[in-house]
Amino acid sequence: MTLQAMWRSFLRAALTAGAVAIGCAGPVLAAPPLGIQGADDRTAVEVDAYPWSSVGRLNNAGRGFCTAVLIAPDKVLTAAHCLRSHVAGRAWASPSTVHFLAGYRRGAYLAHSPAAAIALASAAAGTTPTGADFAIVTLARPLNAIVQPLPVESFDHERWRADRRAGVRYSQAGYSGDRAHVLTQNQSCSITGFVQKGTALAHTCDATHGDSGSPILVRRGQAYAVVGLHIASSRSGGNGVAIAGRTLRAGLDRLADIRPKPYRR
């Protein structure tokens, strides 16, 4: 079976019958956590330090939580499936039930805001089902006075190949369901390839329940950028799945006209 065929099979299972693999964190967790590949490489990080302060916990009242990342003063990026409604008869959550806590740690946080609006990537033309699993949450108030937004890089196959030649490694940070009140990072993981016609990528970062919506980050010079958004963890210890930065950028330009920021030097 080819790599593409294997990933098609995995994604069908994860995105249809496999809510356990990609769902938001809730009160009951599998043990050991899905998505931990070999040794558990997650470590706690200081939430008041760049770039980790830009990552936050996204609470969906009555539904659990996921992870999100601030990408503009009043906008965060997360996985769309994290915004499923907990109210019978509603497909998607109302903004009034969604709350973003930047730099959350054990009940405290650096900044917070309720949601004012939600834009789903499925409304943007040209996306695939996998590539549509992200959303932009517009916050009721901007947070950039306290937290620095992170740019989303138009990360594609060519950029990945250049990074491989340069030995670049990536990191991922999120609120795992088994460590719900602490932001953890996988400091050095890899991207192993692109799937779904280049809209998604496979990665080796340790990510599990609650990490849906967490950013895959790259450091270029002294600045960080988002190159992917984690959406699914493997049932069998294989690679996780993230939406590629190029897919995210195209959706962001359509949904919110969020332009890339220059890298901070």
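The values are calculated or read from the model by the stated rules, or taken from the named source; none is laboratory data. These numbers come from a predicted model, not from an experiment. Every residue, glycine as well, gets a Cβ built from its backbone with ideal geometry; the counts of neighbours run over all protein chains shown. Please note that ligands, DNA and RNA were not included when accessible areas were found on the heavy atoms of the full protein model with its side chains. Shrake-Rupley method; radii C 1.70, N 1.55, O 1.52, S 1.80 Å.
Condition first: under 16 Å from Val69 (Cα atoms) and part of a strand (DSSP E or B). Now tell me which residues in the range 187-217 satisfy that.
Filtering the range 187-217 for residues under 16 Å from Val69 (Cα atoms) gives 207, 210-217.
Those that are under 16 Å from Val69 (Cα atoms) and part of a strand (DSSP E or B): Pro215, Ile216, Leu217.
So, of the residues in the range 78-97 that are touching a helix residue (DSSP H, G or I) at 6+ places or on another chain (Cβ under 7 Å) and not in a loop (DSSP other than H, G, I, E, B), which turns out to be nearest to Ser54 (Cα to Cα)?
Ala80
Assuming Thr67 fulfils every condition listed in (1) in a strand (DSSP E or B); (2) open to solvent by less than 30 Å² (accessible area, probe 1.4 Å); (3) at pLDDT below 90 apart from one, which condition is it?
(3)
To keep it simple, each residue is scored yes or no on (1) crowded, with 17+ Cβ neighbours inside 10 Å; (2) hydrophobic (A, V, I, L, M, F, W, C).
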position	(1), (2)
Ala117	no, yes
Phe134	yes, yes
Ala145	no, yes
Arg169	no, no
Gln172	yes, no
Ser188	no, no
Ala202	yes, yes
Ser214	yes, no
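Taking Gly174 and the conditions (1) modelled with pLDDT of 95 or more; (2) in contact with an Asp or Glu (Cβ under 6 Å, 6 or more places away or on another chain), which numbered condition does it fall short on, given that it satisfies the others?
(1)
Please specify each residue of the range 216-229 satisfying the condition of being in contact with a Pro (Cβ under 8 Å, 6 or more places away or on another chain) and open to solvent by 10 Å² or more (accessible area, probe 1.4 Å).
Result: Tyr224, single match.
With (1) modelled with pLDDT under 90; (2) closer than 19 Å to Ala223 by Cα; (3) among the hydrophobic types (A, V, I, L, M, F, W, C) as the list, and Leu150 as the residue in question, which single condition is left unmet?
It is condition (1) that Leu150 fails.
Within the range 162-173, identify whether any single residue is under 18 Å from Thr67 (Cβ atoms), out of contact with any Cys (no Cβ under 7 Å at 6 or more places or on another chain), part of a loop (DSSP other than H, G, I, E, B) and in contact (Cβ under 8 Å) with a residue 60 or more places away in the chain, and answer yes or no.
Scanning the range 162-173, I find no residue that is under 18 Å from Thr67 (Cβ atoms), out of contact with any Cys (no Cβ under 7 Å at 6 or more places or on another chain), part of a loop (DSSP other than H, G, I, E, B) and in contact (Cβ under 8 Å) with a residue 60 or more places away in the chain, so the answer is no.
Return the total of residues in the range 32-58 being surrounded by 19 or more Cβ atoms within 10 Å (Cβ to Cβ), in a strand (DSSP E or B) and either of a type in the set (Phe, Trp, Tyr) or modelled with pLDDT under 95 (or both).
Summing the residues that are surrounded by 19 or more Cβ atoms within 10 Å (Cβ to Cβ), in a strand (DSSP E or B) and either of a type in the set (Phe, Trp, Tyr) or modelled with pLDDT under 95 (or both) in the range 32-58 gives 1.
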